[in-house]
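A.B. asks: Submitted below is the structure of interest, expressed as structure tokens.
The values are calculated or read from the model by the stated rules, or taken from the named source; none is laboratory data. Worth saying up front: this structure is predicted, and the values here are computed from it rather than measured. Every residue, glycine among them, receives a Cβ derived from its backbone with ideal geometry; neighbour counts consider all protein chains shown. Ligands, DNA and RNA are excluded from the accessible area calculation, which covers all protein heavy atoms including side chains. Shrake-Rupley method; radii C 1.70, N 1.55, O 1.52, S 1.80 Å.
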There are 4 protein chains.
Amino acid sequence: MFESNQNYRTHFGSDNHSGVHPRILKSIEDLNWGHSPAYGSDDYTSLVVEKLKKHFKKTCDIHFVFNGTAANVLALSCFANSYHSILTANTSHIWSDECGAPEKLLGAKLIPIASPDGKIRASSLSEFMTRKGDQHSSQVIGVSITQPTEYGTVYSLEELSELRQFADRHGLYIHMDGSRLVNAATYLQIGLDRLTENVDVLSLGGTKNGLLFGEAVVIFNQNIVKDFKFRRKQFMQLPSKTKFIACQFDAWLNTNLWKEISQHSLSAAQNLRKLLTEIAEVKITQETQSNAVFAIFPRRIVHELKKHHFFYIWDENTFEARLMTSFDSRAEDIESFAKKVKELIATTRTE
Amino acid sequence: MFESNQNYRTHFGSDNHSGVHPRILKSIEDLNWGHSPAYGSDDYTSLVVEKLKKHFKKTCDIHFVFNGTAANVLALSCFANSYHSILTANTSHIWSDECGAPEKLLGAKLIPIASPDGKIRASSLSEFMTRKGDQHSSQVIGVSITQPTEYGTVYSLEELSELRQFADRHGLYIHMDGSRLVNAATYLQIGLDRLTENVDVLSLGGTKNGLLFGEAVVIFNQNIVKDFKFRRKQFMQLPSKTKFIACQFDAWLNTNLWKEISQHSLSAAQNLRKLLTEIAEVKITQETQSNAVFAIFPRRIVHELKKHHFFYIWDENTFEARLMTSFDSRAEDIESFAKKVKELIATTRTE
Amino acid sequence: MFESNQNYRTHFGSDNHSGVHPRILKSIEDLNWGHSPAYGSDDYTSLVVEKLKKHFKKTCDIHFVFNGTAANVLALSCFANSYHSILTANTSHIWSDECGAPEKLLGAKLIPIASPDGKIRASSLSEFMTRKGDQHSSQVIGVSITQPTEYGTVYSLEELSELRQFADRHGLYIHMDGSRLVNAATYLQIGLDRLTENVDVLSLGGTKNGLLFGEAVVIFNQNIVKDFKFRRKQFMQLPSKTKFIACQFDAWLNTNLWKEISQHSLSAAQNLRKLLTEIAEVKITQETQSNAVFAIFPRRIVHELKKHHFFYIWDENTFEARLMTSFDSRAEDIESFAKKVKELIATTRTE
Amino acid sequence: MFESNQNYRTHFGSDNHSGVHPRILKSIEDLNWGHSPAYGSDDYTSLVVEKLKKHFKKTCDIHFVFNGTAANVLALSCFANSYHSILTANTSHIWSDECGAPEKLLGAKLIPIASPDGKIRASSLSEFMTRKGDQHSSQVIGVSITQPTEYGTVYSLEELSELRQFADRHGLYIHMDGSRLVNAATYLQIGLDRLTENVDVLSLGGTKNGLLFGEAVVIFNQNIVKDFKFRRKQFMQLPSKTKFIACQFDAWLNTNLWKEISQHSLSAAQNLRKLLTEIAEVKITQETQSNAVFAIFPRRIVHELKKHHFFYIWDENTFEARLMTSFDSRAEDIESFAKKVKELIATTRTE
């Protein structure tokens, strides 16, 4: 029943609904021999880390962890004490989708900023900066942004620069949740170095780009690197066979594979958007700058449509849907999806 | 440099220094096609879980997590609130080797019990039971034992039964840290059901038995199963591609592979012990009931010996060493190690 | 310099800027003899607690703590686990003025609800109820309201009843922050029993009503009373000489003193409001249903005005000021304040 | 029933079973007029703090909190992060009597050191210093000692100096729990400055020396003073009417009252000890260097004896009793107690 089946359809649920990119899985097989020290203390892991650092063209620390929640919380732990607060979009993963992990593990307060397109603007942050030094108020210590956002939109370099200026003016740190960072780099056609030049600490995601598991925390600000390894262990994120995360990052990021994968999913999303735009009753709700298309379908077709190509209703109140593409999204599935939308709209149309 | 190298030696550092058992890695490859829901909500994961439950022959809940620290902390979270305390051997992983994860994440107190062989005896626990209801004192809520212990010793069924009686008398839960549980089953020649019949919640380890990554929490006591999934997510232990942990457990535990692996490592440890016993200046310090041999070597040879076949000094004060075998321990390495011990003793002997 | 000075002026900073009501202080003196068990285990404290319970006319548990932050956090701890979230007005003390104590100590998430008058309406809560059972989302467990609110407004019995119905429909608990609860009772002219009939757990404040120190947590819902004493101790809120809190509550609440005090401060606030309403350039911004008047003064007079009768600027963005009255507010100070406002407006008026 | 009763007997339960010293209570009455800013921001509190600092003859920060648990946890929070551990006697309050507050609030690990007389010796600490830098192990950051100890014994200046040297060698901080510190100063006949010269942060207790409530945290090490006020607020320990703690410390410590009180209780304890020593069947178990006498009475008399003059059985296993004196211990009660012991021993003697 669960044997390989060439008749499957890719769907649009999430980029972590797909499996492992074959070249990434092969990197694990190739490394699977012999004994080596565990917990990231082996030479191979060190070598890979050194190679990864070159992407950023400046001094940084790189630590592997298991998943995205952990990358975010551990990244924030670099600067946030319990009496601090962190400004973040109310659409962000750390606010909405971590089941309160940051509050529990950091003890800190998150302050949600209304954000219709997933982005935070510097101009909307000033009102939170009035209570510096007031012992009754959690002290704002940083801003957390997602690049690309949970709405598939991408901060421009100008927007990032404005946030940096705001942060510097108020003594704040900037955390970037980059669970799909490479997609933003591909969209903006720049390297990871420029994309992160205004960032203090980065969550660098792998799992949503074809890895089996594994994310990294990249710390640029050398004032906040201290004692990370103890927090990682205590927060239960020290993998014993770390080298098998390292090899995946090596196969993915230290070759052109990351560009291939992100280019493929971005093109797939653009194609999907194009086909949906042509359908009168479908309303596209966000820019498509990454591997996601947000759209509102006529409610009457959604139940049936999801049976053919699974996707999520993103907002139960507005019924906005999210369609995600991934490294293995297939042209025929995108076409068949659009066709099914048209067909269902036609056959369900009330006179 | 890191290409596969058939001339490597297995060493005795730890059973997580070895890689992934080939049949376990193959299970990942076999499942690596198509799309499926993430975060453990796919049908395949459910099927595997149902099969795993049969090992225990009673109602239980099984949840996958990333690593052993997490399995332990999440298992304890099933019964321990912050104002509780947990009795545990001072040699246990949760006391000594989790960098304070239980204290941080549960907010609870661990009380270390002196334990020369890694085991807790019911008789040594009574003195901690005098303050029930006293609001100034963390309330003892449970006992955490490791099976087999960190010293490679194994609790007999009688010892487990005595602990259960003590626990019942005092209203305590029993947690079993089974990061190498299958080794105890193989040593005692019983099934996982009998081995865990006195346990409320179990950490069931995979990584130290040939898995790439992945552990499970098995909850037997149906009074404490509530809301586990929220704690797992909040404690940053919800893997997105969970099915790739499920398939490893399937390949390992739902076939005879677990018996093969544990039998192999136990035999290897017995052989190693036998060879070392024959060397006059080596002192074996613990029973060998699992895949570890604890021994004290003449100090003058340790530095050189570790270069040939790596192992850890377990106790810096007594200089006791730990030698661990694993699924891929090779007879020639064991022999060559013993030979090297003899050789170093001979050549360094002072007149 | 700090000797008693009959020439002092009462100001409008806060109702905790005043001292201790003389009859309350006397209750401490009267009890100050002999030895008795500490930590609330003395007979006298038990007697007072039994008398206090009669105000609520139903089964409840009453526990003393040191301050309001603690009363709130310990009250919320009765139902909120770390993976839960609590809906609260963005003007509430627990969201804005506890320096993140709830997040740190409960590990839970607070969700701020926009609230121009300090109240939450049931109708604005539905949008937060869509993710029940979703493991990625903190589970909404309760609503926390302040009565009277931080804006001095008072929930009507109808509004409370609607919140109760909403809560019951969604399985939520209701916490009431009653740091000035008696003022709402006096305003509504009802007893504490009717005022709290829809509440699961109450923070009952004393310090802002003339006590030296001391608040109480009153737990009505008998399903959530368990183990409170251990959490109080662990959260560092077990007073050793508890009887001296008990006697203050006795002198204040078990006589008519609470009515006297709250009636006095409410009348003082109404008088202040009346005088300010007569001044054209002063804008009253909130209903005056408790002992606070919110108003916007011409900016040019604020600095000078605060020198004469201290008060706080409540909102740095709108420059809204809060004027609080207390048990010892004096008619002459209120008149002199209004007079000073007029005078400053007149003398600073630009041609 | 609870009216003042001149026939009462002082007992030996604890020095917090007595009430408030009359001169301390009077300081509250004297200050009870007018309005002043809350939360410690008033001028009077600042003045008292400046006067208190003079006792220590060096730069320090002093912060008031409500109780001893809080003073200890907040003091430790100055240097302990969650991945740290703290060495402490297994008899210490922070290990045994805070219901796990340090673990919950700091997230850190406490390591109990066996201590028959309540003291820690530098020589017994070395074995815990072997894992510096090991990410699997909570990193030892400090030593917490109690002066005088929970057994009423007092560290000599030499012992403190040895601990300091050990701490400096290993980069550790020293916390002193001084909930009865003044008693040690009186016993050693030195000032608070010499008594604390080797300490980084001090819990300075008032409640057990005749205060109504209130303790202080004194931070000597200027590297760890940062952000204390935010932690105090978040840990729910910011008193709103702080000035009424300040005035008590002023009346107690800035006059000779602290010497009077501690001298009285020490003499009372010495007298009690002397009388008990003369009774053959009573075994004194600890040095009497403070206001406590530890003794083992014949079990057959304990139940009856406690009815006459209450005291606690300190250790349920050994039946060791603790007798504490306080500022109001009376000579006639001490004599009557000793007499009762003799009488009960005589009348219950088995032939």
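A.B. asks: Would you be able to say whether some residue in the stretch A:85-98 is open to solvent by less than 30 Å² (accessible area, probe 1.4 Å), modelled with pLDDT of 95 or more, among the charged types (D, E, K, R) and closer than 21 Å to A:Phe228 by Cα?
C.D. replies: yes
A.B. asks: Within the stretch B:277-303, take every residue that is in a helix (DSSP H, G or I) and free of Cβ contacts under 8 Å to residues at least 40 places away in the same chain and give me the one that is nearest to B:Ser156 (Cα to Cα).
C.D. replies: That would be B:Thr277.
A.B. asks: If you don't mind, there's one more thing I want to ask. Among D:Val302, D:Val293, which is outside the structural domain of D:Asp117 (by TED's automatic domain parsing), buried (at least 20 other Cβ atoms within 10 Å of the Cβ), farther than 16 Å from D:Ser18 by Cα and not basic (Lys, Arg)?
C.D. replies: Working: D:Val302 fails: buried (at least 20 other Cβ atoms within 10 Å of the Cβ).
That would be D:Val293, the only listed residue that is outside the structural domain of D:Asp117 (by TED's automatic domain parsing), buried (at least 20 other Cβ atoms within 10 Å of the Cβ), farther than 16 Å from D:Ser18 by Cα and not basic (Lys, Arg).
A.B. asks: Here's another thing I want to ask about it. Exactly one condition in (1) touching a Gly at 6+ places or on another chain (Cβ under 7 Å); (2) part of a helix (DSSP H, G or I) is not met by D:Ser203; state its number.
C.D. replies: (2)
A.B. asks: Something else: Would you check if C:Ala280 is surrounded by 24 or more Cβ atoms within 10 Å (Cβ to Cβ), farther than 30 Å from D:Lys208 by Cα and either aliphatic (A, V, I, L, M) or touching a Gly at 6+ places or on another chain (Cβ under 7 Å) (or both)?
C.D. replies: In short, no.
A.B. asks: Filter the stretch A:307-345 for residues that are free of Cβ contacts under 8 Å to residues at least 40 places away in the same chain and open to solvent by 60 Å² or more (accessible area, probe 1.4 Å) and give the result.
C.D. replies: A:Lys307, A:Trp314, A:Glu316, A:Asn317, A:Thr318, A:Glu332, A:Lys339, A:Glu343
A.B. asks: Now a separate question. For the stretch B:24-115, which fully contained helices (runs of 4 or more DSSP H) count at least 2 residues that are more than 14 Å from chain D (Cβ to nearest Cβ)? Let's see the steps before the verdict.
C.D. replies: Numbers: elements: B:43-53, B:68-77, B:93-96, B:101-106.
Correct list: B:43-53, B:68-77.
A.B. asks: Could you say whether any residue in the stretch A:11-20 is closer than 24 Å to A:His308 by Cα and either open to solvent by 20 Å² or more (accessible area, probe 1.4 Å) or touching a Cys at 6+ places or on another chain (Cβ under 9 Å) (or both)?
C.D. replies: yes
A.B. asks: Okay, moving on. Those residues that are closer than 20 Å to A:Leu238 by Cα and β-branched (Val, Ile, Thr), I need them from the stretch B:66-110; list them, please.
C.D. replies: B:Thr69, B:Val73, B:Ile94
A.B. asks: Moving on. Only one of these is crowded, with 21+ Cβ neighbours inside 10 Å and small (Gly, Ala, Ser): A:Gly133, A:Gly68. Name it.
C.D. replies: The conditions single out A:Gly68.
A.B. asks: Looking at (1) part of a loop (DSSP other than H, G, I, E, B); (2) more than 24 Å from D:Ala292 (Cβ to Cβ); (3) not small (Gly, Ala, Ser), which one does D:Arg232 not meet, given that it meets all the others?
C.D. replies: Here D:Arg232 clears every test but (1).
A.B. asks: Let me ask you something else. Do you know which residues across the stretch A:258-270 are under 18 Å from A:Lys339 (Cα atoms) and surrounded by fewer than 18 Cβ atoms within 10 Å (Cβ to Cβ)?
C.D. replies: Step one: filter the stretch A:258-270 for residues under 18 Å from A:Lys339 (Cα atoms), giving A:268-270.
A:Gln270 - this is the single residue of the stretch A:258-270 that is under 18 Å from A:Lys339 (Cα atoms) and surrounded by fewer than 18 Cβ atoms within 10 Å (Cβ to Cβ).
A.B. asks: Could you count how many residues in the stretch D:126-171 are more than 14 Å from chain B (Cβ to nearest Cβ) and without any contact (Cβ under 8 Å) to a residue 40 or more places away in the chain?
C.D. replies: 11
A.B. asks: Follow-up question, since we're still on this one. Could you please let me know if A:Thr130 is in a loop (DSSP other than H, G, I, E, B), modelled with pLDDT of 95 or more and closer than 28 Å to C:Asn317 by Cβ?
C.D. replies: When the stated conditions are applied, A:Thr130 does not pass them.
A.B. asks: In contact (Cβ under 8 Å) with a residue 12 or more places away in the chain, open to solvent by less than 10 Å² (accessible area, probe 1.4 Å) and under 27 Å from B:Ile86 (Cβ atoms), is that true of D:Ser77?
C.D. replies: So D:Ser77 fails the test.
A.B. asks: Restricting attention to the stretch B:202-213, does a residue exist that is over 22 Å from B:Ser27 (Cα atoms) and in contact (Cβ under 8 Å) with a residue 12 or more places away in the chain?
C.D. replies: Here is the first cut: in the stretch B:202-213, the ones over 22 Å from B:Ser27 (Cα atoms) are B:202-203.
Right, trim to in contact (Cβ under 8 Å) with a residue 12 or more places away in the chain and you get B:202-203.
There is at least one residue in the stretch B:202-213 that is over 22 Å from B:Ser27 (Cα atoms) and in contact (Cβ under 8 Å) with a residue 12 or more places away in the chain.
A.B. asks: Hey, can you tell me all the residues within the stretch D:50-61 that are in contact (Cβ under 8 Å) with a residue 60 or more places away in the chain and either open to solvent by less than 20 Å² (accessible area, probe 1.4 Å) or of a type in the set (D, E, K, R) (or both)?
C.D. replies: Within the stretch D:50-61, D:Lys51, D:Leu52, D:Phe56, D:Lys57, D:Lys58, D:Cys60, D:Asp61 qualify.
A.B. asks: Confirm whether A:Ser240 is closer than 20 Å to A:Gly68 by Cα, in a strand (DSSP E or B) and not aliphatic (A, V, I, L, M).
C.D. replies: no
A.B. asks: What is the residue count in the stretch C:218-243 for residues that are buried (at least 24 other Cβ atoms within 10 Å of the Cβ), more than 14 Å from chain B (Cβ to nearest Cβ) and not aliphatic (A, V, I, L, M)?
C.D. replies: Total meeting the criteria: 2.
A.B. asks: Name the single residue, out of those in the stretch B:187-196 being out of contact with any Ser or Thr (no Cβ under 8 Å at 6 or more places or on another chain) and crowded, with 17+ Cβ neighbours inside 10 Å, that is nearest to B:Ser156 (Cα to Cα).
C.D. replies: B:Leu195
A.B. asks: Then there is this: Taking the options B:Pro37, B:Pro112, B:Pro102, B:Pro116, name whichever one is open to solvent by 20 Å² or more (accessible area, probe 1.4 Å), in the same structural domain as B:Ile219 (by TED's automatic domain parsing) and either touching a strand residue (DSSP E or B) at 6+ places or on another chain (Cβ under 6 Å) or within 30 Å of C:Leu74 (Cα to Cα) (or both).
C.D. replies: It is B:Pro112.
A.B. asks: Exactly one of these conditions fails for B:Asn16: (1) under 22 Å from the mean Cα position of the chain (by Cα); (2) assigned to a helix (DSSP H, G or I). Give me its number.
C.D. replies: So the condition that B:Asn16 fails would be (2).
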